[in-house]
Amino acid sequence: MPRAAAGPQPHTPTSVMPLDNVLEGSTRAMAIFHLAVKSVSRSTGRSAVAAVAYRAGVLLENERDGLVHDYTRRNGVEDTLMAVPEGAEWALDRSALWNAAEAAEKRKDAKVAREYELALPAELDADQRRDLVRAFAEDIRDRYGVAVDAAIHAPHDYGDDRNYHAHVMTTTRVVEPDGLGAKTRQLDVRTSASAEVEAIRESWAERVNVALEHALVPERVDHRSYARQGIEQEPTVKMGHASAAIERRAAYEQQMAGEEPHAVTPRGQMNEAIEAKRGLGLYIERGLEWLQEAKQQAELVAHNIADLAREAAQMMRARLRGPEDGFEALPGLDQSPRREHVPAIEQDRSVQVERDRQQERERQRSQEPDIGFGR
């Protein structure tokens, strides 16, 4: 069975707390995806021995040129581990492995090692991060038959305190029981390199999401670009080692001076603007969501009020129709006692008619001849 060795480097960094996020309700921790595949090449003046010594925080001597690389005093190495093929236990000796990698290459532009740079979720604890890196290392070992030397790094004292990451170094040749074998060309040939890297990135994203799920963390990562995910969001630009170092140093100096942190490099300023744009977009999106929710709540309240009013009206009608206290218990308007009432104008007209009649009788009487009742 494959064997593994570990050399933990305990370190407790003094983290600098970042500024609170401007957007209300946002969280500091957010799982991100990052996996970059790089090569250590002699053409750039690098060596596998020096690269591994620095990442693992150990002392190694390069037998090819006699240089001693001592990084035992460096901070930030949280843990280290190795994974080698079955029967190749000799490769667990870090010095023997990487000096063999240097000796196996004769070309001045040879690729002497390969590196996988991984972002580790800050939501996981140290043991969970170690298990995640070990699983990745064993996958790479089994996929290509190489030896793997991984180092887990804690965030910088003066940088983002969520920046847990791992440097996974591998040989570029198959590791056999008696030494190094043939070159692994899958990642060197253009026809296969792209598909290989895509498969590795997808596998890593799946492993990260499984780890987050087991840790009861709701966030998930995706190895695809925003465009491939169908997300209209501008990506940030790659900082690079030089710009990132300048930004870390500037952030530290700004904090010591009590200044508001701000980017100082062109790339950093560009990313700062992109992040601000994202924040504004998120603010608008959340505002629209709030308005939609408020509209739905208002419609629900209006519907409930209408239902209550309808029920209240039905109850009132039922009560008014009851024989005990409804309108039927009251005397009808046509049954209530009334007094005969004749308007004054009608009374005046009757009096006038009667007077006219009286006057007419008197007039007729005066016109009658005197027949002499006394005769």
Q: Check cross-link reach from LYS183 to the lysines: straight Cα distance under 20 Å, and skip same-chain residues fewer than eight apart.
A: LYS38, LYS106, LYS108, LYS111
Q) Straight-line reach from LYS238: which aspartates and glutamates have Cα under 15 Å away, leaving out those fewer than 8 places along the same chain? A) GLU117, GLU247, GLU272, GLU275
Q) Per-residue accessible area for SER350 at 1.4 Å probe radius, Å² rounded to 10? A) 80 Å²
Q: May I ask you to list the trypsin sites (Lys or Arg not before Pro) in region 88-154 that are in a DSSP loop and have at most 13 other Cβ atoms within 10 Å of their Cβ?
A: LYS106, ARG107, LYS108
(Q) If you count only protein heavy atoms and use a 1.4 Å probe, how large is the accessible surface of ASP161, to the nearest 10 Å²? (A) 20 Å²
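The values are calculated or read from the model by the stated rules, or taken from the named source; none is laboratory data. As the structure is a prediction and not an experimental result, all values here were calculated from the model. Note that each Cβ is placed from the backbone with ideal geometry, even for glycine, and that neighbours are counted across all protein chains shown. For accessibility, only protein heavy atoms count, side chains too; no ligands or nucleic acids. Shrake-Rupley method; radii C 1.70, N 1.55, O 1.52, S 1.80 Å.
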